[in-house]
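A quick write-up on the structure given underneath.
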Amino acid sequence: MPTALAPPPASPSAAEPAAGEAALRLRNLRKSYGDLTAVADVSLEVAPGEIFGLLGPNGAGKSTTMMIACGVLPADGGTVELSGEILSPDRRDLRRRLGVVPQDLAIYPELTARQNLRFFGRLYGLGGTELNDRVADALERTGLTNRADDRAEHYSGGMKRRLNFGCALLHRPSVLILDEPTVGVDPQSRAHLLSSVKDVAAEGAAVVYASHYMEEVEEICDRVAVIDAGRVLAAGTIPDLLAPLESVLRLHVTPPPGDPDGATLLPPAFAGLFDVVAQPSGVLTYALPRSRLNRDTTLSGVLAPVLEHVKGAGGRLDAVHTDEPDLERLFLKLTGNTLRD
Ligand SMILES: Nc1ncnc2c1ncn2[C@@H]1O[C@H](COP(=O)(O)OP(=O)(O)O)[C@@H](O)[C@H]1O
Ligand SMILES: [Mg+2]
């Protein structure tokens, strides 16, 4: 009698955290506004202590996904789980584990930072010395202690964003959802916010972080999902996502007056290696993707004769640089160059 084979161990999909129970798990979320599908199918998991980046062009469905994840917006389909428990409108206990910083500021301009924080703290059921301690901690974390008793309407954009962030932290959420929290802030406030987000994750919270700023996501996120048209196009650690992209060496050459197309500039043996792009300025860019090099055709074996030939043919080498794979290139590759509103 054949013995039953044990199923193979499930290979972790890139949309899942490395190990352990997910603090937040979104399964097949869907949401439409009339005929418009804002979220077509989004699934992802975030582990405790992990910062998960959501990247996507305007209108991709990031905010809708996040508002569903924090229980503010009902989904048409799919589930939100917090440590394995399904979030539903009657689970106020689960809602309390969530902290959210919405895309638009949600603070009272006529109240001071301390009053705003006390207000949000009370909403979460805090009071007494605990509330006092949490408010003092939030002021400290957001760098607002010195301005705690000034009205928020007199704050700079960065201070307002920091206060908005502090209001979401008061009840020590285990899942923190941040929707573009650094829009319109100065570099100091941005650095402060990013470092506070890292602190909160280091203390064990699972963080979902939507941003337009690739360098922010590169700096703080453990894993990233690129979403567009309400779907996850790619998800994983940044090195895994960038692995299929290659670095490209680019030579910028001014061709000689008699040869604007640069037909004479490359030695015939190497001509096929390079992609030639004419810039509007007349400068030619010769691009050499790394994958075209091999043991017989090395970079040094190509560069020296090419540079010599360019010079001999009357061309001028203006610049050499290497484009390394980065999130921006991945983002444009996945979502295209079409402008979004
Ligand atoms: N309340 C709403 N009513 C109608 N359409 C909406 C509403 N909120 C968002 N949308 C639309 O849903 C799509 C996704 O929006 P959103 O989730 O805000 O994307 P993102 O945050 O990635 O920019 C967009 O086309 C947007 O115009
Ligand atoms: Mg948004």
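The values are calculated or read from the model by the stated rules, or taken from the named source; none is laboratory data. Just so it is clear, the model here is predicted, and its values are computed rather than measured. Positions of Cβ are generated from backbone atoms using ideal geometry, with glycine treated the same way; all protein chains shown enter the neighbour counts. For the accessible areas, the whole protein counts, side chains as well, though only heavy atoms, and no ligand, DNA or RNA atoms are used. Shrake-Rupley method; radii C 1.70, N 1.55, O 1.52, S 1.80 Å.
Some notes on this structure:
- Pairs of Cα atoms nearer than 8 Å and 6+ residues apart set the relative contact order; for region 275-323 it is 18 percent.
- Against the chain, whose longest principal axis comes from its Cα atoms, helix 157-169 is set at around 60 degrees.
- Once C-alpha pairs closer than 8 Å and six or more residues apart are averaged by separation and normalised to the residue number of the chain, the relative contact order reads 20 percent.
- Shape category assigned to region 187-341 from the gyration tensor of Cα positions, a/c cut at 1.5: prolate
- Sorting K333, K198 on solvent-accessible area from highest to lowest, probe radius 1.4 Å, gives K333, K198.
- Largest accessible area first, the residues I86, I177 order themselves as I86, I177 under a 1.4 Å probe with ligands, DNA and RNA left out.
- Pairwise centroid distance, computed over Cα atoms, of region 319-341 with region 116-176, Å: 38 Å
- Residues whose placed amide H lies under 5 Å from that of L24, excluding near-sequence neighbours: V46, S83
- Protein accessible area in the chain, 1.4 Å probe - carbon and sulfur %: 53 percent
- Simple Cβ-charge dipole of the chain, Lys/Arg +1 and Asp/Glu -1, about Cα centre, in debye nearest 20: 540 debye
- The 1.4 Å probe gives accessible areas that order Y213, Y108, Y155, largest first, as Y108, Y213, Y155.
- Net charge, M66 excluded, C-beta distance under 11 Å - Lys, Arg +1, Asp, Glu -1: -1
- Adding -39500 (n - 2.57) for every DSSP H run of four residues or longer, then dividing by how many residues the chain holds, sets the calculated 222 nm ellipticity at -8500 deg cm²/dmol.
- For region 248-324, the Cβ-based charge dipole about the Cα centre amounts to some 140 debye (Lys, Arg positive; Asp, Glu negative; other atoms uncharged).
- Per residue value of the accessible surface for region 248-324 (all protein chains in place, 1.4 Å probe), Å²: 57 Å²
- Under conditions of 4 °C and 1.567 mPa s, region 163-224 yields 109 µm² s⁻¹ as its translational diffusion coefficient, taking Rh as the Kirkwood radius over Cα pairs in the Stokes-Einstein equation.
- Of the trypsin sites (Lys or Arg not before Pro) found in region 241-301, those in coil by DSSP whose Cβ has at most 16 other Cβ atoms within 10 Å are R295.
- Here the average projected area of the convex hull drawn through the C-alpha atoms of region 24-239 stands at 11.6 nm².
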